[in-house]
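Notes follow the structure.
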Amino acid sequence: MLADAVDEPLLLHSLSEHAELIFGALDAAQPRRIVEIGSETGGFSKQLLDWSGANGATLVTVEPYPTPEVRELAEKTPHFELVIGRSPGALAGLDPADAYVIDGDHNHWTVLRELRAAYAGDARPLAILHDVGWPCARRDQYYAPHAIPEDGQHPHSWEKGRDPDQRELVDVGGFHGEFEFAVAVDEGGTDNGVLAAVEEFLESRPDLEYRQVEAIFGVGYVYPADAPYGARVRELLDPWHESTLLERMERNRVRLYARVLELQDQLRRAGLGSGRVALALEDRIEALEAENTALRLERARLRERLAGHMHNA
């Protein structure tokens, strides 16, 4: 048991941590077609693919920059379709699905339109959304601001981090993207954050129910109130939904997580010690950080340029 715990990551962040509840909900709904939005390294995609194969379903993954592992899965797996594109636009060209796993760009503009696409017409799927909790619940995060209209964005920062103990962004520590993504400067307000998008969508759909499990950045479940599998989903999720104990535990977890990130930042900046070797390490770390920053900025410029070419084509 202890050996298993040692193998687990110290800082939990993946949707895979919710696997028991997610696959319990899928077992209840028995979708024939699942659309996954966002695959990252493909770890959870593989789990979804295994479930789909065992239950006679097809998995469709929408990802603008699929990893080689995800591409390889698509090439060798008959019941797996890879759509290289960015949601919500890519969803317009897809057949409706019975279930959606939404873990893409975590901002109000994108998530609201993903939900509208999933429930367009008379569609009544099960939708499972990651990052409905802090830090994305009430603050937008942008992987690709160029893909969102200006009126759908908030002023944002690529460098600063989010700290659970303060509303302002921080320079040291916190949850930051290191030029991989940007976050809204302000928290809260109008049209800001994943949970805000879910709430706005649900206001227009009284026929739908919602349950939220606060742990590991929060997972939300949207489904028709009269779905034949609804009773099983309620039985599965109600012990976790609106749990004040779980909410306190998650807040404690993200505060500890933030402190670890702060210590890591401080150690990097301090050079990990004193003396000639430490100074050499500090110089090397600074050089690598400068090089990485330059590479990330260049990659961001190239992505912007590519997006412009694709838009003009």
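The values are calculated or read from the model by the stated rules, or taken from the named source; none is laboratory data. Everything quoted here is computed from the prediction, not taken from an experiment. Neighbour counts are summed over all protein chains in view; Cβ atoms, including those assigned to glycine, are modelled from backbone coordinates with ideal geometry.
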Has the range 147-157 got at least one residue that is over 19 Å from I37 (Cα atoms) and in contact with a Cys (Cβ under 9 Å, 6 or more places away or on another chain)?
-> no
Just give me the residues in the range 233-255 being surrounded by 12 or more Cβ atoms within 10 Å (Cβ to Cβ) and hydrophobic (A, V, I, L, M, F, W, C), in sequence order.
-> V233, L236, L237, W240, L246, M249, V254
Within the range 35-82, how many residues are more than 21 Å from the chain's Cα centre (by Cα) and either β-branched (V, I, T) or outside the structural domain of S16 (by TED's automatic domain parsing) (or both)?
-> 2
So which residues in the range 169-181 are modelled with pLDDT under 95 and over 15 Å from V111 (Cβ atoms)?
-> V170, D171, V172, G173, G174, F175, H176, G177, E178, F179, E180
In the range 83-104, residue surrounded by the fewest Cβ atoms within 10 Å (Cβ to Cβ) [restricted to those that are within 24 Å of Y229 (Cα to Cα) and over 19 Å from the mean Cα position of the chain (by Cα)] | D95
